[in-house]
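The next block holds one structure in the form of structure tokens; read it before the comments.
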Amino acid sequence: MSTKSSKNKYSPEPVSSRSTYIIGGLAVLVIAALVIGGVLWTNSKNKPQNDGYGSVQSSEVAVTVQDNGVVLLGKPSAATTIDLFEDPLCPACAALEHLSGQALAAAVDNGDVAVRYHMLNFLNRASGSGDYSTRAGAALLCVAQGGDAIAYSAFHNKLFATDTQPAEGGSSDHTNDDLAQIARDAGASEDVATCISSGTNVEAAAANAAAASQALKDVGSNGTPTVVANGKIVDTGSSDWVSKLSS
């Protein structure tokens with residue numbers, strides 16, 4: 001019997017190294033494009049809206065204290081009024097302020113939106129002093145009572161800034177004197193600073209936080225930040241949520 005291999009037996013042709021390199025190169029380019037696209041998308045999502053605008057600037061914007069310590073910031077003729085529930089120690093609230101605070105300030109200045117601020121204190125337990133959220137809420141109330149809307153907006157903005165907000169679960173936070181100085185730097189008067197440093201509104205802020213907690217439950221939420229417009233919770237994960245309020 002012959003031991004020769006049959007001439008008809010199929011032997012696949014080897015793939016050329018050139019084709020292999022081309023296919024591999026294309027795959028690398030596709031992966032690189034996906035990675036770059038993902039990075040650009042993430043960066044654009046994390047970029048502050050209306051960056052560079054800052055806090056409220058218009059002298060026509062008013063700040064008033066309503067029932068249960070709710071602070072209303074806006075022009076009397078504002079087209080839409082929203083409710084914003086926050087805790088001064090809440091990291092997600094700081095993130096919302098970072099991403100949307102400047103766009104919201106511009107909308108307030110333009111008379112498109114007014115904001116009712118509800119301050120909670122459920123994160124007292126996670127603060128170094130054990131009562132930071134209440135004391136920061138009391139400080140915000142002092143500034144609002146001073147009647148300077150621009151100072152209130154700047155102080156609110158600074159309290160939630162990443163370089164100012166104490167760490168949740170941290171060993172320390174701001175004293176009343178610290179809060180008073182932050183308010184001064186934001187443009188608040190010396191009378192307002194004294195209100196803060198003396199803790200004048202601490203008891204009221206605790207009662208206001210309890211009312212805010214109940215109001216938050218009433219709208220169907222149990223966490224902060226929560227934004228409510230026309231009785232409905234707003235999806236603040238959308239990058240254009242502020243502009244949608246103005247449209």
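The values are calculated or read from the model by the stated rules, or taken from the named source; none is laboratory data. All values reported here derive from a predicted model rather than from experimental measurement. Using ideal geometry, Cβ is built from the backbone for each residue, glycine included, and neighbour counts are taken over all protein chains shown.
Observations
- Which numbered condition Ala193 fails, given (1) free of Cβ contacts under 8 Å to residues at least 60 places away in the same chain; (2) surrounded by fewer than 18 Cβ atoms within 10 Å (Cβ to Cβ); (3) not aromatic (Phe, Trp, Tyr): (2)
- The residues listed here are Ser100, Ser59; of these, the one that is surrounded by fewer than 16 Cβ atoms within 10 Å (Cβ to Cβ) and of a type in the set (Ser, Thr, Tyr) is Ser59.
- Single unsatisfied condition, Ser238 versus (1) buried (at least 16 other Cβ atoms within 10 Å of the Cβ); (2) modelled with pLDDT under 95: (1)
- The set of residues in region 189-214 being small (Gly, Ala, Ser) and within 23 Å of Asp67 (Cβ to Cβ) consists of Gly199, Ala204, Ala205, Ala206, Ala207, Ala209, Ala210, Ala211, Ala212, Ser213.
- Verdict on Val242 being among the aliphatic types (A, V, I, L, M) and under 21 Å from the mean Cα position of the chain (by Cα): yes
- Flag if Ala180 is buried (at least 16 other Cβ atoms within 10 Å of the Cβ), at pLDDT 95 or above and within 16 Å of Tyr117 (Cβ to Cβ): no
- Filter result (crowded, with 22+ Cβ neighbours inside 10 Å and not hydroxyl-bearing (Ser, Thr, Tyr)) within region 150-164: Ala151, Ala154, Phe155, His156, Leu159, Phe160
- Restricted to region 116-149, and to residues there that are of a type in the set (Ser, Thr, Tyr) and within 21 Å of the chain's Cα centre (by Cα), the residue that is farthest from Ala183 (Cα to Cα) is Ser127.
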